[in-house]
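A.B. asks: What follows is a single structure, and I will ask about it in a moment.
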Amino acid sequence: MKPNFWIKICSKCFLCKYVRTSKDKTKLKYKVFNKIKLFCPICRAANYSLKKIETTHKIDFEQRYKIEIIKKTDINVVQNIKETNKKILQLLHKNHNRPSTISYYEEILTSSLRLDELKETKRNGKKIIGTFCIFVPEELIYACGAIPVRLCAGSYDTISYAEEVLPRDICPLIKSSFGFKILGLSYFELCDLVIIPTTCDGKKKLAEILNDMMPVWILELPNRKNLTKAKTFWLEEIRTLKEKLEKFTKIKITKENLKQAIKLLHQRQMIFRKLYQLKKTYPLLLNERDTLLIIQASFYDDIKRWIEKTNQLYNEVYSLTLDSKHLNSKFSTQNITTQPIKLLLTGAPIIWPNYKILNIIETTQATIVADELCSGVRSLYDTTEVDDWSTEGCLRALAYKYLLPSTCPCFTESNDRIDKLLQSIKDFSVDAVIYHSLRLCQLYDIEFYKIKTVLKNYGIPILKLHTDYSPEDTEQLKTRIEAFIEMLKNKNQLK
Amino acid sequence: MITAGIDIGSVTTKVVIIEKLNSKNYKILSQAISPTGCEPKKSAEETLKNALSKIGLSIKDLRYVISTGYGRRTIEFGNETITEITCCAKGTFWLCNNFGIKAKTIIDLGGQDTKIISLDDEGNVVDFVMNDKCAAGTGRFLEVMSNVIGINLDDFGTYYTNAKEPVKINSTCTVFAESEVISLIAQGKQKEDIIKGICDSIAERILNMLKQIEEKDVIFFCGGGAKNEGIKRALEEKLKKEIYTPQEPQFVVALGAAIIGTERYQNL
Ligand code: SF4
Ligand code: SF4
């Protein structure tokens, strides 16, 4: 049947209209379901077969061999987590000159304030959606009235419980996060649903295991982000996600609410960028531990409050820069007395409270001026740039924002990552690079060789710290880091 | 001007006291070594006292004290702490100047870790690698093996040269290697052959670390493990070149610390 025939018989029908306007007929089936109430007879026929697809789309996993994973309870863990948090906060409090607003971010990460709020919101019928990595478009989640929380965890205390199900030889981030689930703790337990992108092998298989405990959705991520077909594919994934979210929350994602959500997140990224920009000129205003506190509070916090608080923080820090006595190198959130060595931190995610290497670095005469971590600057830096505010235009902009600027090592090529590193080295006049490699994260480990060699050609020293969440190698790391800083200091003096 | 360097290692604590003669020359006045034990602080104090009493000086005569090594932060009377890597480079550079050689790569085989340090022409550290947190390929490994076979580490050299059919130790893990050696003894293998196997296996580990940095010529071998002739020979055989070892390799780091002490004092 020719499309123009449909148009003749029905001008109201969505499907017919779509067929008429769309160039890409393959998108048809995704575009159609759940949207059309008004069908012409022909479309209704078409809709029947589409319904079938729809049902298979509802759950990502077929639960043919569902297993039961028994949850653990241990009251000691909660206590241990609290202790760890307290210990690290104590270390942070040793620094002078921290902006006063910072205590708010500490509270979000260490108290039950946000958790209680979320419990309340949940009781009021809002959905809480857990995410992993930085590929899940939060805009879509906000648009349909749900709340996203990022579940990547940095706690050592939960790992041993996770190891009863997961193998010992996988990256600690995955074990730590799963530990929270198996213990039934914190944000993980509140989530109505988890969305996991297929980044590394660990995350992929975590998805399958989690699926027997709670609803899990998969976001299929291409391995090569720059291919045209990868982009098309990813856009399709995002579109499917939108539709699934609509169904899950029973709230339609419209042009309006999507636009609102995009604007809200844009606002968040912009205030962060402003802060980051300020750090470029005055690297000692905020140390890395505090910067990560700020960023990681945004994983959980109410977004509007976070924006407001960060605005406050910005103003507070900015006013310091106007005061000339603060501009000499003696003023710093770290107790630095000489001209500091400027470091760039890159590599595997460092997530609260895994501040092991940061605590060591920031008690030397070096300061981390910038980072390239998915748990750091990368998670708040990129903005969604929309030029066509139709739903389709927004989806496209979102898809591209989450895919193209990403420098995750889960993609085949690392060129973009190297570009970004070189750019930051230039922008922040970095002296040397610290490369954090989590034990058993092969991706970062493999990329090290190439990055090291390229940076060496540019005359940038690089130190790889291969470690995990356990505190047992702290002394060795200390020697390694201090020796590296001594070497750089010596080099600077010779200059 | 008299300064001291204290190297508080995981196994032994070393102290070197030096006097600066002129712009480039130092005289080693005294040195002392003792086991670190479980109280690094106490052992550091005692070792220093020991070294001082040999020359009839007291702690007040020391212009600057630098502590280094794994326990560097445990003492309270030092002026500064510096890592063993920087100190080792300093000590090596001075010693080598005295020998009239220019070492570019240092292998420091310590009790709990092995380090490879790469130097530039002026003796500055340009790169370094350290072993991971396990004890494979370190002095600790040697100690365990020496206990199992019942032969003193100092005699490893002689046994090494007398080996006829060296065995191969496959495990790098200290614990597994230990049981491997026990079973080799049970099989009736000659001690000479087993010892050569052990030295070769450590040398292999060190070689792997050497590959991680740009290996430059003139290799200097120090740390407690360098006293072991067997390992030195194994390394020379594998690298096919001569390796330099100082007379008292375990004092290089403490010496370096003392030298940095004089430099720091002058800059005050
Ligand atoms: S770096 Fe790894 S953990 Fe971080 S977002 Fe990318 S894939 Fe996920
Ligand atoms: S750190 Fe590496 S292994 Fe771990 S989740 Fe991220 S990408 Fe995967």
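A.B. asks: With 10 angstrom as the radius, rank A:Lys119, B:Lys27 by how many other C-beta atoms surround their C-beta, starting from the fewest. Walk me through the numbers on the way to the answer.
C.D. replies: On the way: A:Lys119 14, B:Lys27 10.
In order of increasing Cβ crowding within 10 Å: B:Lys27, A:Lys119.
A.B. asks: Number of Lys-Lys pairs in segment B:1-52 under 26 Å by Cα, sequence gap 8 or more or different chains?
C.D. replies: Values: B:Lys14/B:Lys24; B:Lys14/B:Lys27; B:Lys14/B:Lys41; B:Lys14/B:Lys42; B:Lys14/B:Lys49; B:Lys20/B:Lys49; B:Lys27/B:Lys49; B:Lys41/B:Lys49.
So the count of such lysine pairs works out to 8.
A.B. asks: Would you tally the net charge around B:Thr262, using a Cβ to Cβ cut-off of less than 15 Å, leaving B:Thr262 out, and scoring K and R as +1, D and E as -1?
C.D. replies: Combined, the nearby Lys, Arg, Asp and Glu give +2.
A.B. asks: Sticking with this structure for a sec: Using +1 at the C-beta of Lys and Arg and -1 at the C-beta of Asp and Glu, which of A:Gln260, A:Phe272, A:Leu284 has the Cα lying farthest in the positive direction of the dipole of segment A:228-313?
C.D. replies: With unit charges placed on the Cβ atoms, the residue in question is A:Gln260.
A.B. asks: Inside 10 Å of the C-beta atoms of B:107-117, what's the mean count of C-beta atoms belonging to other chains?
C.D. replies: Going residue by residue through B:107-117 and averaging, the value is 1.
A.B. asks: If we count other beta carbons within 10 Å of each Cβ, what is the order of B:Leu95, A:Leu92, fewest first?
C.D. replies: Arranged by neighbour count, lowest to highest, B:Leu95, A:Leu92 become A:Leu92, B:Leu95.
A.B. asks: B:Lys189 to A:Ile418: FRET efficiency via 1/(1 + (r/R0)^6), r the Cβ-Cβ distance, R0 41 Å, to the nearest 0.05?
C.D. replies: Values: r = 51 Å, r/R0 = 1.25.
FRET efficiency, B:Lys189 to A:Ile418: 0.20.
A.B. asks: Per-residue counts of other Cβ atoms within 10 Å, averaged by peptide: what ranking do you get for B:229-240, A:308-319, highest first?
C.D. replies: Packing proxy ranking, top to bottom: B:229-240, A:308-319.
A.B. asks: Could you work out how far apart the two model spin labels at B:Asn98 and A:Lys280 are, taking each label as a point 7 Å from the Cα in the direction of the beta carbon, and quote it in nm?
C.D. replies: So the two model labels end up 5.3 nm from each other.
A.B. asks: Averaged over every viewing direction, what's the projected area of the C-alpha convex hull for the protein assembly as shown? Give it in nm², one decimal, please. Intermediate values should be presented prior to the final figure.
C.D. replies: Values: hull surface 157.3 nm².
Over every viewing direction, the Cα hull of the protein assembly as shown projects on average to 39.3 nm².
A.B. asks: A further question follows. Return the FRET efficiency for the residue pair A:Gln260, A:Asp212: r is the Cβ-Cβ distance, R0 is 35 Å, and the value is rounded to the nearest 0.05.
C.D. replies: Plugging the Cβ-Cβ distance into 1/(1 + (r/R0)^6) gives 0.45.
A.B. asks: Could you name the aspartates and glutamates whose alpha carbon sits less than 18 Å from that of B:Lys241, not counting residues in the same chain fewer than 8 places away?
C.D. replies: Answer for B:Lys241, where 18 Å is the Cα cut-off: B:Asp108, B:Asp200, B:Glu204, B:Glu214, B:Glu215, B:Asp217, B:Glu229, listed by chain and number.
A.B. asks: Let me ask another. May I ask which of A:Lys119/A:Lys356; B:Lys104/B:Lys211; A:Lys279/A:Lys489; A:Lys94/A:Lys342; A:Lys205/A:Lys263 have a Cα-Cα span longer than 24 Å here?
C.D. replies: Correct reply: A:Lys119/A:Lys356; A:Lys205/A:Lys263.
A.B. asks: Under the definition of Cα pairs under 8 Å and six or more residues apart, what whole-number percent is the relative contact order of chain A?
C.D. replies: Here the relative contact order equals 16 percent.
A.B. asks: Could you work out the local net charge near A:Lys452, counting Lys and Arg as +1, Asp and Glu as -1, over the other residues with Cβ closer than 12 Å to its Cβ? Kindly include the intermediate steps, with their values, before the conclusion.
C.D. replies: Numbers: positive: A:Lys450, A:Lys456, A:Lys464; negative: A:Asp445, A:Glu447, B:Asp127, B:Glu214.
The answer is -1.
A.B. asks: Please sort A:285-297, A:445-457, A:142-154 by packing, taking for each peptide the average over its residues of neighbouring beta carbons within 10 angstrom, highest first.
C.D. replies: Ranking, from highest mean packing down: A:285-297, A:142-154, A:445-457.
A.B. asks: Looking only at other chains, what is the average number of their beta-carbon atoms within 10 angstrom of each beta-carbon in B:79-86?
C.D. replies: Partner-chain Cβ atoms within 10 Å, mean over residues of B:79-86: 4.
A.B. asks: Can you tell me the relative contact order of segment B:154-207? Whole percent, Cα pairs under 8 Å, sequence separation 6 or more. The partial results should precede the final answer.
C.D. replies: Numbers: 51 pairs, mean separation 27.2, N = 54.
The normalised contact order for segment B:154-207 reaches 50 percent.
A.B. asks: Kindly put A:Arg417, A:Arg480, B:Arg73 in sequence by how many other C-beta atoms sit within 10 Å of each C-beta, fewest to most.
C.D. replies: The fewest-first ordering by Cβ neighbours comes to B:Arg73, A:Arg417, A:Arg480.
A.B. asks: What relative contact order, as a whole-number percentage, does chain B give when Cα pairs under 8 Å and 6 or more residues apart are counted?
C.D. replies: So the answer I get is 24 percent.
A.B. asks: Using only atoms on other chains, find how many Cβ atoms lie within 10 Å of each Cβ of peptide A:470-483 and report the average.
C.D. replies: Shielding by partners across A:470-483 averages 5.
A.B. asks: Another one. Give me the extension gain from A:Glu163 to A:Glu107: residue separation times 0.36 nm, minus the current Cα-Cα distance, reported in nm with one decimal. Could you put the intermediate results ahead of the total?
C.D. replies: Details: separation 56, 0.36 × 56 = 20.16 nm, distance 2.93 nm.
Extra length available between A:Glu163 and A:Glu107 comes to 17.2 nm.
A.B. asks: Order the peptides A:391-398, B:96-103 from the highest to the lowest mean number of other Cβ atoms within 10 Å of their residues.
C.D. replies: Result, highest mean Cβ count within 10 Å first: A:391-398, B:96-103.
A.B. asks: Using r as the Cβ-Cβ distance of A:Lys94 and B:Asn79, and R0 as 22 Å, what FRET efficiency do you calculate, to the nearest 0.05?
C.D. replies: 0.50
A.B. asks: Need one number: nm distance between label points at A:Gln79 and A:Gln312, each 7 Å from Cα along Cα→Cβ, rounded to one decimal.
C.D. replies: Going from the A:Gln79 label point to the A:Gln312 one covers 3.4 nm.
Read the figures in this text as sums done on the coordinates, not as results from a lab. Only a predicted model underlies this, so the values are computations on that prediction, with no experimental measurement involved. Using ideal geometry, Cβ is built from the backbone for each residue, glycine included, and neighbour counts are taken over all protein chains shown.
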